[in-house]
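The values are calculated or read from the model by the stated rules, or taken from the named source; none is laboratory data. Everything numeric here is computed off the predicted structure, so don't read it as measured data. Neighbour counts run over all protein chains shown; Cβ positions are idealised from the backbone, glycine included. Areas reflect the complete protein model, heavy atoms only, side chains present, ligands, DNA and RNA absent. Shrake-Rupley method; radii C 1.70, N 1.55, O 1.52, S 1.80 Å.
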Protein chains: 2
Amino acid sequence: MKDVTCPLCADPGGALVFQGEKFRVIRADEAGFPAFYRVVWSAHVAEFSDLSVPDRALCMAAVCEVEQALRAHLQPTKINLAALGNVVAHLHWHVVARFDWDTHFPAPVWAERTRPADGVREDAVRARLPVLERAIAARLAHLI
Amino acid sequence: MKDVTCPLCADPGGALVFQGEKFRVIRADEAGFPAFYRVVWSAHVAEFSDLSVPDRALCMAAVCEVEQALRAHLQPTKINLAALGNVVAHLHWHVVARFDWDTHFPAPVWAERTRPADGVREDAVRARLPVLERAIAARLAHLI
């Protein structure tokens, strides 16, 4: 279930927000995106469809809880969801609150930036993360 | 349920592979990615968590069927899944077969390209799409 060469098997991969048996949620530290989270599946599987049908449902329920907490607490312009894994082929879902003033909007977070960072607005989002993250943890504790 | 200003309410948005009541599958024509599909939800909703729990399950079951057909027919290096919608805020899932020789691998499809297109290999993938797409349609017909 673990791969000794895999960074997401070895380490949390970011600031731990919630640790469950089958998945964890971490906050990524990506410049320009103050509310960038990842739902990381515990077992070392590459593709979403490698999961059993009940585990797919659990995984997306976790993604939805994070998405809904981000929407409720931060009122983002849009939520971005993605499971890519081209570099680290261990299932993880990016769940990102996007704002129409962020460094890349409306482009994807992986595209070229469209404007400089707005540090004041980023800091205002960051100030709300402790309450948001307690809400994420509480939602996920009810899920598992 | 429809938005008169939304391009995905007005048009299929690509070559139609499957049309169901609640979703359709289209093949996108994105340079450098010969097997780039989208699962487009029929109703005009912006976020995945706007769907009811049963509709979320149906939507991801459709995404998984496309993913599994791509894996079975094309043996890609990786599958990439994403629901972004920053430009067209109508729920659609990108389901992309990625190959270690494609124009951007291992970068996301929205990043800068890493190498020139390999037309011979792209054409070899394209030659397999008719059979793949019949398989996708057959899988989805069993789902709904």
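Set the Förster distance to 35 Å, then compute FRET efficiency between A:V120 and A:L16 from the Cβ-Cβ distance, nearest 0.05. Please report the intermediate quantities before stating the final value.
Details: r = 28 Å, r/R0 = 0.79.
About 0.80, to the nearest 0.05.
Helix by helix, which DSSP H runs in chain B go 15 Å or more along their axis at the Cα atoms and have an average Kyte-Doolittle hydropathy of -0.5 or more? Intermediate results must be reported in sequence, preceding the final value.
On the way: long enough: B:53-74 (31 Å, 0.55); B:129-143 (21 Å, 0.92).
Both cut-offs are met by B:53-74, B:129-143.
Cross-link partners among aspartates and glutamates for B:K78, C-alpha distance below 14 Å, same-chain residues fewer than 8 apart left out?
A:E47, A:D50, B:E67, B:D100, B:D102
Along Cα-to-Cβ, 7 Å out, sits the label point; list in nm, shortest first, how far the one on B:L16 is from those in the other copies.
Counterpart label points of B:L16 in the remaining copies fall at 5.1 nm.
For the range A:29-111, calculate the relative contact order in percent as a whole number, restricting contacts to Cα pairs under 8 Å that are 6 or more residues apart. Before the final figure, lay out each step's value.
Working: 105 pairs, mean separation 33.0, N = 83.
Reported relative contact order: 40 percent.
Name the nearest-to-axis residue of chain A, judged by Cβ distance to the rotation axis taking chain A onto chain B, and quote that distance in whole Å.
A:A82, 2
Carbon and sulfur: what percent of the protein assembly as shown's accessible surface (1.4 Å probe)?
Working: 6980 of 12620 Å².
For the protein assembly as shown, the apolar C and S fraction of the accessible surface comes to 55 percent.
For a label point 7 angstrom out from the Cα of A:W101 toward its Cβ, which stretches of the range A:28-44 have the backbone nitrogen within less than 15 Å?
A:32-35
Out of every Cα pair in the range B:79-144, what percent are spaced more than 16 Å from each other?
Working: 1351 of 2145 pairs.
When every Cα pair of the range B:79-144 is considered, 63 percent fall beyond 16 Å.
Report, ordered by chain and residue number, the lysines lying within cross-link reach of B:K22, taken as a straight Cα distance under 18 Å and ignoring same-chain residues fewer than 8 apart.
Candidates past the 8-residue exclusion: B:K2.
So if I place +1 on the C-beta of Lys and Arg and -1 on the C-beta of Asp and Glu, and nothing else carries charge, what would the dipole magnitude of chain A be about its Cα centre? I want it in debye, nearest 20. Before the final figure, lay out the partial values.
Values: 16 positive and 17 negative charges, 67 e Å.
Rounded to the nearest 20 debye, it is 320 debye.
Would you pull out the residues with amide H under 5 Å of A:A35's amide H, same chain only if 5 or more places away, H placed 1.01 Å from N?
Hits under the 5 Å cutoff: A:A97.
Plugging the Kirkwood radius over Cα pairs into Stokes-Einstein for chain A, at a temperature of 4 °C and a viscosity of 1.567 mPa s, what D comes out in µm²/s?
It diffuses with D of about 83 µm²/s by this estimate.
Along Cα→Cβ at 7 Å, what distances in nm separate the A:V88 label point from those on the other copies, shortest first?
3.2
Kindly point out, ordered by number, any Cys in the protein assembly as shown whose beta-carbon has no other cysteine beta-carbon under 4.7 Å away.
A:C59, A:C64, B:C59, B:C64
How much length, in nm to one decimal, is gained on full extension between A:A127 and A:R71, taken as 0.36 nm per residue of separation minus their Cα-Cα distance? Walk me through the numbers on the way to the answer.
Details: separation 56, 0.36 × 56 = 20.16 nm, distance 1.56 nm.
Result: 18.6 nm gained on full extension.
Note the distances from B:D3 to each other copy's matching label point, with points 7 Å along the Cα-to-beta-carbon direction, in nm, sorted shortest first.
Ordered by distance, the counterparts are at 3.7 nm.
Give me the Kirkwood hydrodynamic radius of the protein assembly as shown in Å, from all C-alpha pairs, to one decimal place?
19.5
With every protein chain kept in place and ligands, DNA and RNA left out, what is the accessible area per residue of the range A:1-65? Probe 1.4 Å, answer in Å².
Working: 2870 Å² over 65 residues.
That works out to 44 Å² for each residue.
Only helical DSSP H runs with n ≥ 4 go in: add -39500 (n - 2.57) per run for chain A, normalise by residue count and round the 222 nm mean residue ellipticity to 500 deg cm²/dmol. Provide the component values of the computation, followed by the final result.
Numbers: 4 runs with 49 residues, N = 144.
Calculated from helices alone, the mean residue ellipticity at 222 nm is -10500 deg cm²/dmol.
At a threshold of 8 angstrom on Cα-Cα distance, excluding pairs fewer than six apart, so keeping six or more, what relative contact order does the range B:3-144 reach in percent? Present the calculation step by step, with values, prior to reporting the outcome.
Numbers: 219 pairs, mean separation 35.6, N = 142.
Relative contact order for the range B:3-144 comes out at 25 percent.
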